[in-house]
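The values are calculated or read from the model by the stated rules, or taken from the named source; none is laboratory data. Bear in mind that the values here come from a model prediction, so they are computed numbers and not experimental data. In this analysis, Cβ positions are derived from the backbone assuming ideal geometry, glycine residues included, and neighbour counts consider all displayed protein chains.
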Amino acid sequence: MEEPVQPVQPGQPGQPGQPVRPRAQTLAAQGLVNRIMRVLLGTPLICLGIGRRLVTVYVVGRKSGRRYTVPVAYTRVDDGLLIGTPFGWGRNLRTGEPVSIRFKGRRRPADVRVISDEPGVVEAYATMARDNHNFANFNKIALDAQGNPDPADLHAAWAAGARAFVLTPR
């Protein structure tokens, strides 16, 4: 019989004295890669090729005022773009507060809906992992032979602070 998984609140230590760190990996030169991707996503015609899976999100820190320009993978859902991140810049996105995005070469406003509850994040991350295996790999979510994500990895992503967002371009 399987042991039940104990719920862990996102952003709370997994064990006493140990902070929860994002499970998603960052490349050694992540800043450089992001700068290159931002330029390419803003270049006419080129953005149409690489922009099939990427959108640039422009975020302003609520407390610091710092500006973040983040290329991030998306999955189409209904009339929106589903994105996810365990990183701090995502905490600046709020439901009902529009954000600026660059989508298919055009900068435009988008409405935001934040998904932070465990069932919602697990479902959103499962959708993104099935649709984009690079997203699954980046977020350390194993896929079975049929391309279905490992439920324990999805839960671990949420427990480490992952959030999902639906961006609806205007």
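Only one of the numbered conditions (1) more than 16 Å from Gly80 (Cβ to Cβ); (2) in contact (Cβ under 8 Å) with a residue 24 or more places away in the chain is not met by Gln146, and that is (2). Restricting attention to the stretch 115-162, the residues that are of a type in the set (Lys, Arg) and within 21 Å of Asp78 (Cα to Cα) total 1.
Being surrounded by 15 or more Cβ atoms within 10 Å (Cβ to Cβ), within 26 Å of Ala159 (Cβ to Cβ) and modelled with pLDDT under 65 is a condition met by at least one residue of the stretch 23-33. Within the stretch 40-65, the set of residues being among the small types (Gly, Ala, Ser) and modelled with pLDDT of 90 or more comprises Gly61, Ser64, Gly65. The set of residues in the stretch 67-110 that are of a type in the set (Lys, Arg) and buried (at least 16 other Cβ atoms within 10 Å of the Cβ) comprises Arg91, Arg102.
Here are some residues: Thr168, Thr75, Thr95. Which one is more than 17 Å from Leu54 (Cα to Cα), β-branched (Val, Ile, Thr) and either without any contact (Cβ under 8 Å) to a residue 40 or more places away in the chain or in contact with a strand residue (DSSP E or B) (Cβ under 6 Å, 6 or more places away or on another chain) (or both)?
Numbers: Thr168 fails: more than 17 Å from Leu54 (Cα to Cα); Thr75 fails: more than 17 Å from Leu54 (Cα to Cα).
One residue alone meets the criteria, Thr95.
Just to verify a result, which residue in the stretch 133-170, among those that are touching a helix residue (DSSP H, G or I) at 6+ places or on another chain (Cβ under 9 Å) and part of a strand (DSSP E or B), is surrounded by the fewest Cβ atoms within 10 Å (Cβ to Cβ)? Within the stretch 133-170, the match that is surrounded by the fewest Cβ atoms within 10 Å (Cβ to Cβ) is Leu143.
Residues of the stretch 61-80 that are among the charged types (D, E, K, R) and outside any strand (DSSP E or B): Arg62, Lys63, Arg66, Asp78, Asp79.
Within the stretch 81-128, the set of residues being within 11 Å of the chain's Cα centre (by Cα), under 18 Å from Ile141 (Cα atoms) and not in a strand (DSSP E or B) comprises Pro86, Phe87, Val121, Ala124, Tyr125, Met128.
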